[in-house]
Amino acid sequence: MLTIYTDGSCWPNPSDNGGWAFVVYDGEREVHALSGTAEGATSNNRMEMTAMLRALMWLGDRPATLYTDSRYVVDGANSWSKTWVRNGWQRRDKETKQWLPVMNADLWQVLLAARMKQHRTAWCRGHAGIVGNERADRLAEAARMGVAA
């Protein structure tokens, strides 16, 4: 089974300056890496989601575990999306109790359509020396800054 690490970068957040990356491992060996930049206005969450989407597009039907240091992506994929779908992509604001559109619903819908749920999506601590996470971070940062990693 493949292991994939994804990461996104945006500074300042939000801005037009974002990058994303994913790195694929087969066991200990890196077998593929890809990165890119934002197209227009973006945020760090959108870059994290874009990295995951690009990894899923590359992956196809092959089984994999996808790691991200974004709790937003992990929680959205593993629990929140069920409620969002049930509520017609609306969320209840905790303070005002009003119904509001889910942020980044356009990307969440694409991620779910890309069969995100068929793969294990797990959290890993960022900047903790995890080789795949550190490599994806460097690639996403380099893409954001427009330099080669």
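Note the full-extension length gain between residue 95 and residue 57 as 0.36 nm times their separation in residues minus their Cα-Cα distance, in nm to one decimal.
10.0 nm
About its Cα centre, what dipole magnitude does the chain give when the only charges are +1 on Lys and Arg Cβ and -1 on Asp and Glu Cβ, stated in debye to the nearest 20? Please report the intermediate quantities before stating the final value.
Working: 18 positive and 16 negative charges, 128 e Å.
Computed charge dipole of the chain: roughly 620 debye.
List the GluC sites (Glu not before Pro) within segment 1-98 that fall in a DSSP loop (any state other than H, G, I, E or B) and whose Cβ has at most 10 other Cβ atoms within 10 Å.
Passing sites in segment 1-98 are 28, 39, 95.
For residue 11, which sequence-distant residues (separation of 5 or more, or a different chain) have an amide H within less than 5 Å of its own amide H, given hydrogens modelled in the peptide plane?
For residue 11, whose amide H was placed from the backbone, the distant partners under 5 Å are 17.
How much net charge surrounds residue 32 when only other residues with a Cβ under 12 Å from its Cβ are counted (Lys, Arg +1; Asp, Glu -1)?
Within the 12 Å Cβ shell, the charges total +2.
Neighbour counts of other C-beta atoms within 10 Å: give me 24, 147 arranged from fewest to most. Could the numbers behind the result be given before it?
On the way: 24 21, 147 8.
Least crowded to most crowded, the residues run 147, 24.
Packing-wise, with mean Cβ within 10 Å as the measure, how do 118-128, 132-142 rank, highest first?
132-142, 118-128
For the chain, find the longest principal axis of its Cα atoms and tell me its angle to the long axis of helix 131-145, 0 to 90°, nearest 10.
Helix 131-145 sits roughly 80 degrees off the main axis of the chain.
No lab work stands behind these numbers, since they all come straight from the coordinates. Bear in mind the structure is a predicted one, so any value in this text is a computation, not a measurement. Note that we place each Cβ from the backbone using ideal geometry, even for glycine, and neighbour counts take in every protein chain shown.
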